[in-house]
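Asks: After the structure tokens below, expect a handful of questions from me.
Throughout, read-outs are computed from the coordinates displayed, never taken from laboratory work. The structure presented is a predicted model; accordingly, all values stated were derived computationally and were not measured. All Cβ positions, even for glycine, are placed from backbone atoms using ideal geometry, and neighbour counts span all protein chains on display.
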Amino acid sequence: MKRQITTLSLLIVSISISAQMKYIPENDTIRIQTIEDVNLHKTGNPNKAKTLSTKSNLTVMENPQPIAIVTHEVIEQQQAKQLSDVIKNVNGLYLTSARGGSQDSFGGRGFTFGNDNIFKNGARVNSGVFPEVSGLERVEVLKGANAMLYGNVGPGGIVNLITKKPKFEFGGMVGFSAGSWNSYKPTVDIYGPLSKNIAFRVNGAYEYAESFRDLVESKKNYFNPSFVFNLSENTQLIVEGDYLYHTFTPDFGIGSVTDNATGVSRLATEIDRKQFLGTNWQYQTNQQAATDVILNHKINNSWSLNAVASYQNYTKDYFSTERVQWNYSSAPNGNLNPIWNRPVGKSYNEQNYTSLQVNLNGEFKTGRLNHKLLVGADGDYGQADAISYQLTPATLGVLQLNDPSTWANDGQIPDAQATYRRRISTKRLGVYVQDLVELTKSIKLLTGLRYSYLTNGESSDNVFMQNVKIPVSSAKTEDNALSPKVGLIYNPNENLSVFATYTNSFVPNTGFDYDTRAALKPSTVDQYEVGVKKNLWNNAIAVNLTVYQINNNNTYTTPIVNPTGDSTLKVYAGSVRSRGVELDITGNPMNNLSLIGGVSYNNAVYTKTPDNGFVEDQRLVRTPAITANASAFYTFTNFAKGLKIGATAFYTGDRKAGWNDVKGQKQVTRMIDVDGFTTVDFSIGYEWQKFSIQGKVGNLFDVVNYNVHENYSVNPIPPRNYYFTLTYKL
């Protein structure tokens, strides 16, 4: 509770200090609300947008990489409940499931997105939550490797959540949503001027939802106040607070069945998709409190400065049964009735994280050459605490696959004793420079270089219980790298861009070598990409095509046999090669019609693996070969004026659950086939004066399928469901 009060106090102090700033009228030289200046209408043409995620003044057509933008209009018309609903509109990204269904989890281009891939307003945030989407202005996705701009980020891409910002006119809305499984959600969004010199905005939401899964429920509170100040004719300050509290039931899904006699694993389809295999007392509670201060300053007509300071506190309190993996070999009746001992886990994690970045953008000439220059620096400091527990008992009885009477949910709550707290600090520093040189009116060259320094401090333990086994402490590690980027762009006009680019980056690895106990070295990543961006239909439609190859040159994994039980020990796994192609079609061919569509192909495999390593050229588990998305919404302007109808469809191709096979293994395979699936949502809405009502049928055809995670964790997707939203505009 003390930590919560401290974090809230920081938010209040930062807001109250900023409230003393002066005002410059909205129509003065500075571009008011730069943070919200996106040239998009409804779905919008992303090629015409001004993005924040590139940190530069480059247009999307000048940037040699694919960029996707999902606007708040799309989020609202699709009645998105969580970030994963929004991400499905981004071609090439696909949903997975996190451990225990504990957070939004997805991947792209063959790689999983984690803490190093998720940002909010340009600042890195902890991804171990379900972010609230009602407060988002838009979501920007930079696909592929982005180390030159952001340092050690995963190679699949970055997701930048842009929150709604204040306005200098009064407005807003109040809304109420309700739907299947006793879900309901009131929301509020109010903005306006406090005086001529200050504008504000307040977003808030409360959500309660049960689930199609028995005993699973969720409660969420969200509060997002922000203020904008114009300090001088050319200087603007934005101060924002963001608080999320979410408590819910961890859910490991239906699990898998392994027949050790044959070595074959499969989904436990004998279990109904609503059947919950945990207990009625397990829980996870996440809290995330953050504050951002954003400064935009126009030096002159050619140069501008942007700075972002951010602080975040994140906590996770987890106490739950663990994943289900039925095993025939331990069955009391031979191979007829596999059993599973239901283990229990408890942990507490806290992270305090502070970051600062400064970006200087300028345009100038050297002789006949035009330049668009970006010079920047960023740094952050994080401290992560993890408390471990000793549980008595450590398992809750035995479950038998063919005997539902053993699937009781009322197991006793184990006695939990904290054993030790491990603390690790992390520091990152980076400086970068990028220059777009206009060689001719049509040909442009982009070059960039970043120097990154990363250090993980020596872990320190505070032992609460003596005579317990504690994993080996980690020593201090230091890594640094140069991350170059070079791209060639053919941009004859504002409606066509053809590009080729190369990017090199590094991704730190956590843990220790299984044999030597030495800290793991970072992975190095090379990415090659060519693409075409084209505007059609009087610039209303964007058609973008990209082909890429990503080489992650050294990866590590948890050993198959690990008698130590220490999950921080890992073995060298080899390289990963990811190849793919993506086609996107987005825009508004008519003012009352919005379209989003795309299809992608990806093949991610292990290469150059050791003699006892993974089978080479075998598709990585959890990565679908093909994904596709389509969305169309039409608003009637004459007949039945105010009526809106729409449909969205999302396809996820065949995947493998479980583990990739290992050379020379005796089992047939450790992978489980999971078929591809398509879900279709149908929406209808009506607007009358200041009121609007929307309805949606999700998973219209009641498709049965699963999101997959490592270690055989398999979670059913929701069946057919209904959702309604009533809104009043202020």
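Asks: Any number yet on Rg/Rh for region 355-443, C-alpha, Kirkwood? Each step should come with its number before you reach the end.
Replies: On the way: Rg = 29.1 Å, Rh = 19.7 Å.
Expressed as Rg/Rh, it is 1.48.
Asks: What is region 136-271 by shape, rounded, prolate or oblate, if you read a ≥ b ≥ c off the alpha carbon gyration tensor as root eigenvalues and call it rounded for a/c under 1.5, prolate for a/b larger than b/c, and oblate otherwise? Display every interim value, and only then the final one.
Replies: Numbers: a/c = 4.14, a/b = 1.69, b/c = 2.44.
Judged from the Cα gyration tensor, region 136-271 comes out oblate (a/c at least 1.5, b/c at or above a/b).
Asks: Please provide three numbers in whole Å: the alpha-carbon extents of region 422-531 along the principal axes, with the largest listed first.
Replies: 72, 25, 23
Asks: Oh, and also: Would you mind getting me the FRET efficiency between Asn462 and Tyr206? Use the beta-carbon distance for r and R0 = 45 Å, nearest 0.05.
Replies: Efficiency, from the Cβ-Cβ distance: 0.80.
Asks: Of the listed pairs Lys50/Lys88; Lys298/Lys372; Lys164/Lys641; Lys346/Lys469; Lys50/Lys164; Lys120/Lys372, which have alpha-carbon separations greater than 19 Å here?
Replies: In this structure, Lys50/Lys88; Lys164/Lys641; Lys120/Lys372 exceed 19 Å between Cα atoms.
Asks: OK, next. Return the aspartates and glutamates within reach of Lys485: Cα separation strictly under 20 angstrom, same-chain partners fewer than 8 residues apart disregarded; answer none if there are no such residues.
Replies: Glu62, Asp116, Glu363, Asp378, Asp435, Glu438, Asp526, Glu529
Asks: Further question on the same structure: Size of the dipole of region 26-729 about the Cα centre, Lys and Arg at +1 and Asp and Glu at -1 on the beta carbon, nothing else charged, in debye to 20?
Replies: Once rounded to the nearest 20, the dipole reads 980 debye.
Asks: Turning to a different aspect of this structure: Net charge around Leu583, counting only other residues with Cβ within less than 12 Å of its Cβ (Lys, Arg = +1; Asp, Glu = -1)?
Replies: After counting each charged neighbour, the total is 0.
Asks: Once you compute Rg and the Kirkwood Rh from C-alpha atoms, what is the Rg to Rh ratio for region 26-729?
Replies: When Rh is taken as the Kirkwood radius, the ratio is 0.96.
Asks: Could you tell me how many degrees, from 0 to 90 and to the nearest 10, lie between the Cα long axis of helix 2-18 and the main elongation axis, the longest principal axis, of the Cα atoms of the chain?
Replies: So the helix axis and the longest Cα principal axis differ by about 10 degrees.
Asks: Using Cβ counts within 10 Å as a stand-in for footprinting exposure, how do Trp340, Trp407, Trp688 rank, fewest first?
Replies: Values: Trp340 22, Trp407 16, Trp688 9.
If I rank by nearby Cβ atoms, fewest first, I get Trp688, Trp407, Trp340.
Asks: Give me the distance in nm between label points sitting 7 Å out from Cα along the Cα-to-Cβ direction at Val398 and Val437, one decimal.
Replies: Spacing of the two 7 Å Cα→Cβ label points: 7.4 nm.
Asks: Could you compute the net charge surrounding Thr503? Neighbours are other residues with a C-beta less than 11 Å from the C-beta of Thr503; K and R count +1, D and E count -1.
Replies: Summing Lys and Arg as +1 and Asp and Glu as -1 gives 0.
Asks: Tell me the relative contact order for the chain as a rounded percent, counting alpha carbon contacts under 8 Å between residues six or more apart. Write down the numbers at each step before the final one.
Replies: On the way: 2087 pairs, mean separation 88.1, N = 730.
Computed over the chain, the figure is 12 percent.
Asks: Specify the inter-centroid distance of region 221-277 and region 352-431, based on alpha-carbon positions, in whole Å.
Replies: Comparing the Cα centres of region 221-277 and region 352-431, I get a distance of 13 Å.
Asks: Would you work out which of Asn359, Thr440, Leu83 lies farthest towards the positive end of the dipole of region 26-729? Charges go on Cβ: Lys and Arg +1, Asp and Glu -1.
Replies: So the residue furthest toward the plus end is Thr440.
Asks: Once amide H atoms are placed 1.01 Å from N in the peptide plane, what residues at a sequence separation of 5 or more from Tyr556, or on another chain, have their amide H within under 5 Å of its amide H?
Replies: Ala573
Asks: Sticking with this one: Just tell me which lysines come within less than 29 Å, Cα to Cα, of Lys663; anything on the same chain fewer than 8 places away is out.
Replies: Lys521, Lys570, Lys608
Asks: Counting other beta carbons within 10 Å of each residue's own, what order do Met61, Met173 fall into, fewest first? Can you show the working numbers first?
Replies: Values: Met61 21, Met173 16.
Result, fewest neighbours first: Met173, Met61.
Asks: Out of Pro66, Thr678, Tyr606, whose Cα points farthest toward the positive end of the dipole of region 26-729 (charges: +1 Lys, Arg; -1 Asp, Glu; placed on Cβ)?
Replies: Selected residue: Pro66.
Asks: Which order results if Lys365, Lys298 are arranged by neighbouring Cβ count within 10 Å, fewest first?
Replies: Fewest-to-most Cβ neighbours within 10 Å comes out as Lys365, Lys298.
Asks: Could you tell me how far the Cα centroid of region 298-325 sits from the Cα centroid of region 578-616, in Å?
Replies: So the two Cα centres are separated by 26 Å.
Asks: Please give every one of the aspartates and glutamates within straight-line cross-link reach of Lys165, meaning a C-alpha to C-alpha distance under 14 Å, and leave out same-chain neighbours fewer than 8 residues apart.
Replies: Those aspartates and glutamates meeting the cut-off are Glu36, Asp37, Glu137, Asp189, Glu240, Asp242, Asp292.
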